[in-house]
Amino acid sequence: MHPISNRWQEPVFRDFFVEALEHGRALVVSDRRTDAISGPRNFVDLILPMADRWR
């Protein structure tokens, strides 16, 4: 179980996701045709040095 049990609630998740975006640890998967978001993902700090390879 995740330590933040109510993270599925929009206000709680929004805070989590905004922080991830501000620190460059977020990736959003979206459909190019519709711009619909398929699912957010969060990278841990260990992966960040490799991120420049994907740009």
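I'd like the residue in the stretch 31-55 that is at pLDDT below 80 and among the small types (Gly, Ala, Ser) and, out of all such residues, is nearest to the chain's Cα centre (by Cα).
Gly39
Considering each residue of the stretch 1-30, count those that are surrounded by 10 or more Cβ atoms within 10 Å (Cβ to Cβ), without any contact (Cβ under 8 Å) to a residue 12 or more places away in the chain and in a loop (DSSP other than H, G, I, E, B), and give that number.
Of the residues in the stretch 1-30, 3 are surrounded by 10 or more Cβ atoms within 10 Å (Cβ to Cβ), without any contact (Cβ under 8 Å) to a residue 12 or more places away in the chain and in a loop (DSSP other than H, G, I, E, B).
The values are calculated or read from the model by the stated rules, or taken from the named source; none is laboratory data. It should be emphasised that the depicted structure is a prediction, and the values quoted were computed from it without experimental measurement. Neighbour counts are summed over all protein chains in view; Cβ atoms, including those assigned to glycine, are modelled from backbone coordinates with ideal geometry.
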